[in-house]
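Bear in mind these aren't lab numbers, they're just calculated from the coordinates by the rules spelled out. Remember, predicted model here, so these are calculated numbers, not experimental data. Here Cβ is always computed from backbone atoms with ideal geometry, including for glycine, and neighbour counts include all displayed protein chains.
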Amino acid sequence: MNKPMHQELLEWFGNNKRDLPWRENRTPYRVWISEIMLQQTRVETVIPYYTRWMEVFPNPVLLAKSDEQQVLKQWEGLGYYSRARTLYKTAGIIMQKWNGIFPNDLKTLESLPGIGRYTAGAIASIAFNQAVPALDGNIRRIYSRLFDLAIPLRTKESETILWQLAGSEIEGENSPGAYHEALMDLGSSVCLPSAPRCLLCPLTSWCEAFKKNTVSQRPVTKQSKSIPHFIVTAGIIQKPNDEVLIAQRPAHGLLGGLWEFPGGKQEKDETLEECLIRELREELEVQVIIKAPFGVYKHAYTHFRVTLHAFLCEIGDQNPQPIEAQALRWVKIPDLAAFPMGKIDRQIARDLQKFGPIQNEEESIDNL
């Protein structure tokens, strides 16, 4: 371990560390929740969610005693909803096996649902002060430059090398949690993915990429694939009393357990109306009457993009069946706020609350 480099880094951290809510009143539970929320999500986005979460679920006992719908509602808008379902499941395991006391053994941590090698290392080092490696996106980028690694990230070879480097760097460190947090803060403010601020970096004396003028070429990344774009339709099925039908998505998979306005992806050579009629017949066993367009909604997920066309619909006295959904529910428009939804469906629900059901077939949200 290069002691002078660590000392320089920790001194920089002492003067520049971010004021983050999970660094207050630190407990293993608070560290765990923050690390799960921060997976593939920006710090600025996480902060208000984390603060609200801790007001509702301040410890694993209360989390385990809640129900999944409460958890999903609290998580709504943060994305990657499997994380929320796994938190709930893991809290139950911690209650059953350890009476709500968080385990501190690295291998035990790695065995828990949703806690991989990095998260286990982060919890063990930050919450339990154990000198074990942790490797997130920021640390990968810093080590790739620090050691001038010319192998693409996220390959088997580079992962082996980076974990070995992370292990050797943390060995014997007296403040492993602070060391890892210092690297994370350095990556977020100085050693940036593009236009890194090398002249402000405390590690330039040890950085091989800086010495060789290869910083802009590190880390090496694999060429990203093109992101597919799907056209989707959804039906806002109304009753005369202005109740609307929502469906609960299957527990596993994208947006599992959340509620949505039923519909699906457009197939080749289908019109939007033909798509919606087919999807609702397959999903609900109903023959829908499309009354009017309601709005167009766009959203980008990690691996694909969606443009959703929503329509006001009726089904008369037919009785929809949950063929592909966990459950169906007729809900008054003001009550939609109580059901956890993904971003597009939440926007539809908000527009319904804002504008109310639109009866004129010539009107839509787009021209109000």
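From the phi angles alone, apply the Karplus equation (6.51, -1.76, 1.60; θ = phi - 60°) to segment 330-341 and give each ³J(HN,Hα) in whole Hz, x where the residue is Gly or Pro.
8, 9, 5, 3, x, 8, 4, 4, 7, 9, x, 9
In segment 25-85, which trypsin sites (Lys or Arg not before Pro) are in a loop and have at most 16 other Cβ atoms within 10 Å, using DSSP for the loop call?
For trypsin sites (Lys or Arg not before Pro) across segment 25-85 that sit outside H, G, I, E and B with at most 16 neighbouring Cβ atoms in 10 Å, the list reads ARG26, ARG42.
Whole-Hz Karplus ³J(HN,Hα) for segment 150-159, in order, using 6.51 cos²θ - 1.76 cosθ + 1.60 and θ = phi - 60°, x for Gly and Pro?
9, 9, x, 5, 6, 9, 4, 5, 5, 5
In Å and whole numbers, how far do the C-alpha atoms of the chain stretch along each principal axis, longest first?
Computed over the Cα atoms, the extents are 75, 49, 34 Å.
Any chance you could give the angle, 0 to 90 degrees and rounded to 10, that helix 82-98 forms with the longest Cα principal axis of the chain?
60 degrees
Find me the longest stretch of the chain that has none of the exposed GluC sites (Glu not before Pro), where exposed means in a DSSP loop (not H, G, I, E or B) with at most 16 other Cβ atoms within 10 Å.
Longest gap between qualifying sites, sites excluded: 25-170.
Would you be so kind as to identify which of TYR50, LEU9, VAL306 lies farthest towards the positive end of the dipole of the chain, taking Lys and Arg as +1 and Asp and Glu as -1 on Cβ and the Cα centre as origin?
LEU9
If you restrict to DSSP beta bridges whose two residues both lie in the chain, what percentage is antiparallel, to the nearest 5?
In the chain, DSSP labels about 70 percent of beta bridges as antiparallel.
Among the trypsin sites (Lys or Arg not before Pro) within segment 169-245, which fall in a DSSP loop and have no more than 16 other Cβ atoms within 10 Å of their own Cβ?
ARG197, LYS222, LYS225
Going toward the positive end of the dipole of the chain, with +1 on Lys and Arg Cβ and -1 on Asp and Glu Cβ, which of TYR297, CYS207, TRP98 do you reach last?
Of the listed residues, the answer is CYS207.
Evaluate the relative contact order of segment 229-367 (contact order divided by residue number), counting alpha-carbon pairs under 8 angstrom at least 6 apart; express in whole percent.
That works out to 32 percent.
Whole-Hz ³J(HN,Hα) for each residue in segment 245-262, computed from phi via Karplus 6.51 cos²θ - 1.76 cosθ + 1.60 with θ = phi - 60°, x for glycine and proline: what do you get?
Taking θ as phi minus 60°, the curve returns 9, 10, 10, 8, 5, x, 4, 10, x, 4, 6, x, x, 7, 9, 8, 7, x Hz for segment 245-262.
Could you tell me how many degrees, from 0 to 90 and to the nearest 10, lie between the Cα long axis of helix 272-284 and the main elongation axis, the longest principal axis, of the Cα atoms of the chain?
90 degrees
Under 8 Å for C-alpha pairs, at least 6 residues apart: give me the relative contact order for the chain, rounded to a whole percent.
15 percent
Suppose every K and R has +1 on its Cβ and every D and E has -1 on its Cβ; what is the size of the dipole of segment 3-217 about the Cα centre, in Debye to the nearest 20?
Result for segment 3-217 is approximately 340 debye, rounded to the nearest 20.
List LEU255, LEU62, LEU186 from most exposed to least, where exposure is judged by having the fewest other Cβ atoms within 10 Å.
LEU62, LEU255, LEU186
Which Rg and Dmax, in Å, describe the Cα atoms of segment 3-217?
Final numbers for Rg and Dmax: 17.8, 55 Å.
Under a no-solvent Debye model with one identical scatterer per Cα of segment 229-367, what's log10 I(q)/I(0) at q = 0.21 Å⁻¹?
After summing over all Cα pairs, the log10 values are -1.50.
Holding the Cα-Cα limit at 24 Å, pick out from LYS89/LYS265; LYS268/LYS298; LYS239/LYS354; LYS17/LYS65; LYS17/LYS89 the pairs that are longer than that.
Too far apart for the 24 Å limit: LYS89/LYS265; LYS17/LYS65; LYS17/LYS89.
State to the nearest 20 debye the size of the charge dipole of segment 6-102 about its Cα centre, where the only charges are +1 on K and R beta carbons and -1 on D and E beta carbons.
Using Cβ point charges on Lys, Arg, Asp and Glu, segment 6-102 gives about 280 debye.
Restricted to Cα positions, what overall size does segment 114-208 have along the principal axes? Three whole-Å values, descending.
34, 29, 24
Might you report the magnitude of the Cβ-based charge dipole of the chain about its Cα centre, with Lys and Arg at +1 and Asp and Glu at -1, to the nearest 20 debye?
So the magnitude is around 1340 debye.
Taking the chain as the reference, fit the longest principal axis to its C-alpha atoms, fit the long axis of helix 3-16 to the helix C-alpha atoms, and give the angle between the two in degrees, 0 to 90, nearest 10.
The helix 3-16 is inclined about 50 degrees to the chain.
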